[in-house]
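Worksheet for the structure shown next.
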Amino acid sequence: MQETMRRWDAPVEAPGRWVWLAAWPVTAVFVLSNAATPLYVLWQRELGFSGGTLTVIFACYIAGLIGSLLVSGVLSDRFGRRPVLLPALGLAIAACGVFAAAPSVAALMAARLLTGVAVGAVVSAGMRP
């Protein structure tokens, strides 16, 4: 057996603490991507927008996600994972703040767009080996 091959009967090392510290922000951003969904019925009643407008709000997430997926992978390869993930976490926190205030349909669209950008960056940079 070669020296570089892993022995099947050797104990498997548990992932280090750093793996779990890196995993929680990725998980939090994924939870954010759908956390506000039940509130749209309340916002629709309060702000008085139509079902078509609700569809546009949801489409803002997709627009942000696609744009971010196209750019974030290249940026994380060039500059590293952390310089892409930290701003993505900042965008996710900003989106939470906009959702919490949500004075208008435009605010909901902006929050949804920011959420899409954050999720795209986390998927591109946070899930790469």
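Taking only the stretch 32-47 into account, find how many residues are more than 19 Å from the chain's Cα centre (by Cα) and either more than 20 Å from residue 114 (Cα to Cα) or among the polar types (S, T, N, Q) (or both).
Total meeting the criteria: 6.
State which residue pairs qualify: first residue closer than 20 Å to residue 120 by Cα and inside the stretch 15-37, second residue among the β-branched types (Val, Ile, Thr) in any location, beta carbons under 7 Å apart, and separation of 6 or more residues or different chains.
Taking only residues 6 or more apart or on different chains, the pairs are 26/122; 29/119; 29/122; 30/119; 32/115; 33/115; 33/119.
Just name the residue that is farthest from residue 123 (Cα to Cα) out of those in the stretch 48-78 that are surrounded by 11 or more Cβ atoms within 10 Å (Cβ to Cβ), modelled with pLDDT of 95 or more and more than 17 Å from the chain's Cα centre (by Cα).
49
From 24, 8, 18, grab the single residue that is among the hydrophobic types (A, V, I, L, M, F, W, C) and either modelled with pLDDT of 80 or more or touching a Leu at 6+ places or on another chain (Cβ under 6 Å) (or both).
24
From (1) buried (at least 16 other Cβ atoms within 10 Å of the Cβ); (2) more than 15 Å from the chain's Cα centre (by Cα), pick out the condition that doesn't hold for residue 29.
(2) is the only condition that residue 29 fails.
Residues are listed down the side, and each one gets a yes or a no for (1) touching a residue at least 12 places away in the same chain (Cβ under 8 Å); (2) over 30 Å from residue 18 (Cα atoms); (3) not small (Gly, Ala, Ser):
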position	(1), (2), (3)
49	yes, yes, yes
62	yes, yes, yes
75	yes, no, yes
95	yes, no, no
101	no, yes, no
107	no, yes, no
110	yes, yes, no
126	yes, no, no
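The values are calculated or read from the model by the stated rules, or taken from the named source; none is laboratory data. As the structure is a prediction and not an experimental result, all values here were calculated from the model. Positions of Cβ are backbone-derived with ideal geometry, glycine not excepted, and every protein chain shown enters the neighbour counts.
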